[in-house]
Amino acid sequence: MSMKYDLPPLDHDTRFALWQVKMRAILTQAEVDDALDKFDNKDSKSCTEEEKRKDRKALTQIQLHLSNNILQDCLQGKTAAAL
């Protein structure tokens, strides 16, 4: 069973703490919230294919719930970090 949750995209006017709680609930419903729990604690080289799949799925859920401005800021930060 698939359910749709109406979570407005995170933007500069959104209270992040509330958005974060709701986003975690969405990831829990999608059964990928464990990707957040081990985010800082695991080397990507030691991840299983299933863990990598869950991580990608969690990332896409988060990206889909960001406003275009916030997403663009994130992508620019990632590009700058690669330099």
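The values are calculated or read from the model by the stated rules, or taken from the named source; none is laboratory data. No experiment lies behind these values; they were computed from the predicted model shown. Please note: Cβ atoms are built from the backbone with ideal geometry, for glycine as well, and neighbour counts cover all protein chains shown. These area figures cover heavy atoms from the full protein model, side chains too; ligands, DNA and RNA do not enter into them. Shrake-Rupley method; radii C 1.70, N 1.55, O 1.52, S 1.80 Å.
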Exercise. Residue check: is T60 of a type in the set (S, T, Y) and modelled with pLDDT of 85 or more?
Worked result: yes
Exercise. Hey, does segment 31-49 have a residue that's modelled with pLDDT of 90 or more, over 11 Å from the mean Cα position of the chain (by Cα) and not in a loop (DSSP other than H, G, I, E, B)?
Worked result: yes
Problem set entry | Selection from segment 53-79 of residues that are touching a strand residue (DSSP E or B) at 6+ places or on another chain (Cβ under 6 Å) and either in a helix (DSSP H, G or I) or open to solvent by 40 Å² or more (accessible area, probe 1.4 Å) (or both) | I70
